[in-house]
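Read the structure below first, then the notes.
The values are calculated or read from the model by the stated rules, or taken from the named source; none is laboratory data. The model shown is predicted, which means the values in this text are computed figures rather than measured ones. Using ideal geometry, Cβ is built from the backbone for each residue, glycine included, and neighbour counts are taken over all protein chains shown.
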Amino acid sequence: MDMNIKKQLMEDYKNRHPEMGIIAFKCRETGEIFLGISKDTKADYNSNRFKLLTQTHPNKRMKELWKNYGESNFEFSVVKILKYEDPHKDYTDKLEAMLEECLDSIENSSIIWK
């Protein structure tokens, strides 16, 4: 691969703006909602789904519901999206504040990662 192309691809990757926000997994059978902060919603969805499929997810309740009801009884959504400019800045504090807001306003919700 041409070095200039490789450098450009690396630079593009470093400056990408992944979607950040609050993600949710909802069990349709019980109505339980599991919320979490995400610095890359697509990657975190895939990560959680893989851990649930392999029964290695750290959230025992979520893992139990997944095992009992299956993937088809869960729905994934992005509850809130964080608008931001600088992809290199740490937005953890803003995301945590958004998570607290969501936990307070969404009934039957708990945190994905404990």
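Out of all the residues in the range 1-27, which are of a type in the set (Phe, Trp, Tyr) and loosely packed, with under 10 Cβ neighbours inside 10 Å? Talk me through it step by step, then tell me what you get.
Taking the range 1-27 as the starting set, the residues that turn out to be of a type in the set (Phe, Trp, Tyr) are 13, 25.
TYR13, the sole residue that qualifies.
Tell me, yes or no, whether the range 98-107 has at least one residue that is within 30 Å of GLU11 (Cα to Cα), small (Gly, Ala, Ser), at pLDDT 95 or above and surrounded by fewer than 20 Cβ atoms within 10 Å (Cβ to Cβ). Can you show your working first?
As a first pass, look at the range 98-107 and keep what is within 30 Å of GLU11 (Cα to Cα): 98.
Add one more test, that the residue is small (Gly, Ala, Ser), and what stays is none.
For the range 98-107, residues within 30 Å of GLU11 (Cα to Cα), small (Gly, Ala, Ser), at pLDDT 95 or above and surrounded by fewer than 20 Cβ atoms within 10 Å (Cβ to Cβ): absent.
Selection of first residues in the range 12-38 that are in contact (Cβ under 8 Å) with a residue 12 or more places away in the chain and of second residues that are part of a strand (DSSP E or B) and basic (Lys, Arg), restricted to Cβ pairs under 8 Å at least 6 apart or on distinct chains, gives the following pairs, ordered by first then second residue: GLY21/LYS80; ILE22/LYS80; GLU32/LYS26; ILE33/LYS26; PHE34/LYS26. For LYS51, the requirement of being modelled with pLDDT of 95 or more, buried (at least 16 other Cβ atoms within 10 Å of the Cβ), over 11 Å from the mean Cα position of the chain (by Cα) and outside any helix (DSSP H, G or I) is not met.
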